[in-house]
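The structure appears right after this line, and notes come after that.
The values are calculated or read from the model by the stated rules, or taken from the named source; none is laboratory data. These numbers were taken from a predicted model, which means no experiment stands behind them. Neighbour counts run over all protein chains shown; Cβ positions are idealised from the backbone, glycine included.
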Amino acid sequence: MKTVNIVGVPEHFNLPWHLCIENGEFEAESIDLQWKDIPEGTGKMCQMLRDGETDIAVILTEGIVKDILAGNPSKIVQIYVQSPLIWGIHVAAKSDFQTVKDLENKKVAISRVGSGSQLMAYVNAAEQGWEQDELKFEIINTIDGAVEALTNGTADYFMWERFMTKPLVDKGIFRRIGDCPTPWPSFVIAARDEFLKKNPKAMEKILEIINKTTQDFAQIPNIDKTLAQLFNQKKEDIREWLKLTQWSQKHLSEKAFTKIQNQLFDLGIIDKKSTFVETVKAL
């Protein structure tokens, strides 16, 4: 039995992994897949890949492309979710902010440096025509930290996946004043170079198993009910999310990689470019 460590955010996108683990699908192929939830998100998972604390990460595209460029010894092996991630722009429910325009020069809560919540703040600033150098950040680690920061005023707004924050909006803790979809596929699967070199067959098998489940995920009986219960959400919100979410079973092509990298460069998220072979491993 080969033990493989994998990390991802505790969000509905990753339920297919848990279903495969529970159904013993990896075990049947002599793979002991050890999943660990990382609520801090992509910045933390980049660090775990660098430090060898995990073999694989299901991670935001922009975060891992930027970190591989900065020396992370990992490669992208596949696109996991093809559809964009819809980032909600949230403020405290009782704040005076009414539109996204009101947030210029205000402080944004981010989970950590290099996280999706920070990188998307740059994307939003570019879209609004704001000076990116003027962005001010407050590190809050997790969504609970964001609630605290927005409520007590140490930060003014917070960007996070809009469906995961919907319960906080419904409870009157946050108010969503806008959306900012990623201009690229939201999640990819990345693995450490060392792991890929030693375990190419195990990696192929893991992708084969997860791809089979994501292909038919939306058709699983009562999946809306299961997700609603697990993530404390309304069934109608889950149904809308399922309609908008498109999983992928494909490798990241050179053409798609070049497009993503050019977008990140134009937005000022990266200041140099990498080659396809340095970033992507086509299995």
Output for segment 38-53, where each listed residue is in contact with a helix residue (DSSP H, G or I) (Cβ under 6 Å, 6 or more places away or on another chain) and surrounded by fewer than 24 Cβ atoms within 10 Å (Cβ to Cβ): ILE38
List the residue pairs whose Cβ atoms are under 6 Å apart, where the first residue sits in segment 175-198 and is closer than 14 Å to ALA282 by Cα and assigned by TED's automatic domain parsing to the domain that holds THR61, the second is among the small types (Gly, Ala, Ser) and buried (at least 21 other Cβ atoms within 10 Å of the Cβ), and the two are 6 or more positions apart or on different chains. ALA190/ALA57; ALA190/SER74; ARG192/SER74
Among (1) part of a loop (DSSP other than H, G, I, E, B); (2) of a type in the set (A, V, I, L, M); (3) surrounded by fewer than 21 Cβ atoms within 10 Å (Cβ to Cβ), the one test that ALA155 misses: (3)
Working only within segment 43-75, note down all residues that are farther than 16 Å from VAL188 by Cβ and part of a strand (DSSP E or B). none
Any idea which residue in segment 176-220 is farthest from ASP51 (Cα to Cα), counting only those that are at pLDDT below 95 and loosely packed, with under 14 Cβ neighbours inside 10 Å? GLN219
For ILE173, the lone unmet condition from (1) surrounded by fewer than 21 Cβ atoms within 10 Å (Cβ to Cβ); (2) closer than 22 Å to CYS20 by Cβ is (2)
Over segment 120-152, the set of residues farther than 9 Å from VAL108 by Cα and in contact with a Lys or Arg (Cβ under 9 Å, 6 or more places away or on another chain) is GLN128, ILE140, ASN141, ALA149, THR151
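Condition first: assigned to a strand (DSSP E or B), surrounded by 18 or more Cβ atoms within 10 Å (Cβ to Cβ) and either acidic (Asp, Glu) or modelled with pLDDT of 95 or more (or both). Can you find one or more residues in segment 240-263 that meet it?
If we filter segment 240-263 for residues that are assigned to a strand (DSSP E or B), which is where we start, we get 247.
The next check asks that each one be surrounded by 18 or more Cβ atoms within 10 Å (Cβ to Cβ); those that pass are 247.
Narrowing further to those that are either acidic (Asp, Glu) or modelled with pLDDT of 95 or more (or both): 247.
The answer is yes, given that some residue of segment 240-263 is assigned to a strand (DSSP E or B), surrounded by 18 or more Cβ atoms within 10 Å (Cβ to Cβ) and either acidic (Asp, Glu) or modelled with pLDDT of 95 or more (or both).
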Just give me the residues in segment 74-108 being surrounded by fewer than 17 Cβ atoms within 10 Å (Cβ to Cβ) and over 23 Å from the mean Cα position of the chain (by Cα), in sequence order. ALA93, LYS94, ASP96, GLN98, THR99, LYS101, ASP102, GLU104, ASN105, LYS106
Just one of the numbered conditions (1) modelled with pLDDT of 95 or more; (2) of a type in the set (Asp, Glu); (3) over 20 Å from PRO10 (Cβ atoms); (4) surrounded by fewer than 16 Cβ atoms within 10 Å (Cβ to Cβ) is not true of ASP133; which one? (1)
With the first residue restricted to segment 248-268 and required to be under 12 Å from TYR122 (Cβ atoms) and touching a residue at least 60 places away in the same chain (Cβ under 8 Å), and the second required to be assigned to a helix (DSSP H, G or I) and not acidic (Asp, Glu), Cβ contacts under 7 Å at 6 or more apart or on different chains are LEU264/VAL65; LEU264/LYS66; LEU267/TYR122; LEU267/VAL123; LEU267/ALA126; GLY268/TYR122; GLY268/GLN132
Can we say GLN78 is in a loop (DSSP other than H, G, I, E, B) and in contact (Cβ under 8 Å) with a residue 60 or more places away in the chain? no
Taking segment 2-32 on its own, how many of its residues are under 18 Å from ASN211 (Cβ atoms), in contact (Cβ under 8 Å) with a residue 24 or more places away in the chain and not in a helix (DSSP H, G or I)? 6
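Yes or no, residue by residue, for (1) under 13 Å from ASP156 (Cβ atoms); (2) modelled with pLDDT of 95 or more; (3) part of a loop (DSSP other than H, G, I, E, B):
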residue: ALA109; (1), (2), (3): yes, yes, no
residue: ARG112; (1), (2), (3): no, no, yes
residue: LEU119; (1), (2), (3): no, no, no
residue: ASN141; (1), (2), (3): no, no, yes
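Does GLU40 satisfy being in the same structural domain as HIS251 (by TED's automatic domain parsing), closer than 21 Å to VAL113 by Cβ, in contact (Cβ under 8 Å) with a residue 60 or more places away in the chain and outside any helix (DSSP H, G or I)? Please lay out each step first, then the result.
Working: in the same structural domain as HIS251 (by TED's automatic domain parsing): yes; closer than 21 Å to VAL113 by Cβ: yes; in contact (Cβ under 8 Å) with a residue 60 or more places away in the chain: yes; outside any helix (DSSP H, G or I): yes.
Taking the combined requirement at face value, the residue satisfies it.
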